[in-house]
Amino acid sequence: MKRPNAAGIPKHVSASKAIAMRQRFVGQLALEQMPRLVDQLAHKGGAVAVELEAGKDAAGLAWLRGRIEGNLSLTCQRGLHPFPWSCVVQTGLRLVASEAEEEKAMKETEATLIEDDQLLLRDLVEDEILLALPIVPRCDDPDCAKQL
């Protein structure tokens with residue numbers, strides 16, 4: 001992943017422009033800008049590094065691909081203490097313009113419905129991280145609960 005810049009990741013961009021210009025978005029996204037994710041974390045500070053690119057494939061289908069990396073603090077459900085969790089998410093989303101197109105695309109790949117030509121980058125990053133979180137977060141120490 002390229003080194004993130006200080007500019008951050010925009011909240012939203014024009015989907016048609018991003019796709020047509022094959023725009024890249026590289027930067028840091030503060031955890032505090034992702035309220036649904038922050039509710040799941042033991043410590044709320046920090047950021048994730050994000051690299052996203054929009055475009056079309058050879059068949060003319062729109063997509064958003066990228067990588068999200070960062071260290072998050074989760075609460076171990078065995079010992080009820082914070083522990084570091086390394087978040088590395090590779091994402092590849094088909095961008096679709098209608099619910100019918102979304103339903104068809106979902107049979108083959110992950111799809112995201114674009115409404116009002118808005119590509120909600122921060123929400124998409126937050127969604128991808130939330131989907132990657134372990135269902136039951138646990139640290140690597142199987143005896144941590146005995147230390148309570």
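Laid out as a table, the results:
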item	result
Matching entry among Thr109, Thr91 (being open to solvent by less than 70 Å² (accessible area, probe 1.4 Å), closer than 29 Å to Gly8 by Cβ and part of a loop (DSSP other than H, G, I, E, B))	Thr109
Residue satisfying all of: in the stretch 54-70; open to solvent by 20 Å² or more (accessible area, probe 1.4 Å) and in contact with a helix residue (DSSP H, G or I) (Cβ under 9 Å, 6 or more places away or on another chain); nearest to Thr109 (Cα to Cα) among these	Leu61
Residues of the stretch 113-127 satisfying the condition of being in contact (Cβ under 8 Å) with a residue 24 or more places away in the chain, assigned to a strand (DSSP E or B) and surrounded by fewer than 18 Cβ atoms within 10 Å (Cβ to Cβ)	Gln118
All positions within the stretch 14-55 that are within 19 Å of Glu115 (Cβ to Cβ) and touching a Phe, Trp or Tyr at 6+ places or on another chain (Cβ under 9 Å)	Ala18, Ile19, Leu52, Ala54
Filtered residues of the stretch 63-102 (kept if modelled with pLDDT under 90, closer than 23 Å to Ala18 by Cα and not hydrophobic (A, V, I, L, M, F, W, C))	Ser98, Glu99, Glu101, Glu102
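The values are calculated or read from the model by the stated rules, or taken from the named source; none is laboratory data. Quick caveat: nothing in here was measured; it's all calculated off a predicted structure. Glycine gets a Cβ as well: all are built from the backbone with ideal geometry, and neighbour counts include every protein chain shown. Quick note on the areas: whole protein, heavy atoms, side chains included, nothing else; ligands and nucleic acids left out. Shrake-Rupley method; radii C 1.70, N 1.55, O 1.52, S 1.80 Å.
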